[in-house]
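Please treat every number below as a calculation from the coordinates, not as lab data. Everything numeric here is computed off the predicted structure, so don't read it as measured data.
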Amino acid sequence: MPAVIRLKRMGAKKKPTHRIVVMDKHNARDGKPIEILGYYDPKRDPAVIKVNKERAEYWLGVGAVPSPAVGTLLKKQGIKSRKP
């Protein structure tokens, strides 16, 4: 099961918030996640990013690959993502 760390869109129309989740690579964007790691709210000023650093590092350690957007968010939080 190839795991991916990516964003799951939540919120109302034109008011997006996102959850940072671990999912099976083949699941739909808004499908059931394996685990919720945190959230991202781009509409606030400044944007709010909350990530459970311990769990994110665990998933990166076992081979989960972050999407490009999540890789940037993790980098801002000081979490180093491993290159595949």
Identified option (computed semi-axes √(5λ) of the Cα gyration tensor in Å; candidates (i) 24, 15, 10; (ii) 20, 16, 9; (iii) 19, 17, 9): (ii)
Among the aspartates and glutamates, which have Cα under 12 Å from the Cα of Lys32 when same-chain residues fewer than 8 positions away are ignored? Asp24
Eligible lysines near Lys75 by straight Cα distance, threshold 19 Å, same-chain separation 8 or greater: Lys8, Lys50, Lys53, Lys83
Mean residue ellipticity at 222 nm from the helices of the chain, using -39,500 (n - 2.57) per DSSP H segment of n ≥ 4 over the full residue count, to the nearest 500 deg cm²/dmol? -6000 deg cm²/dmol
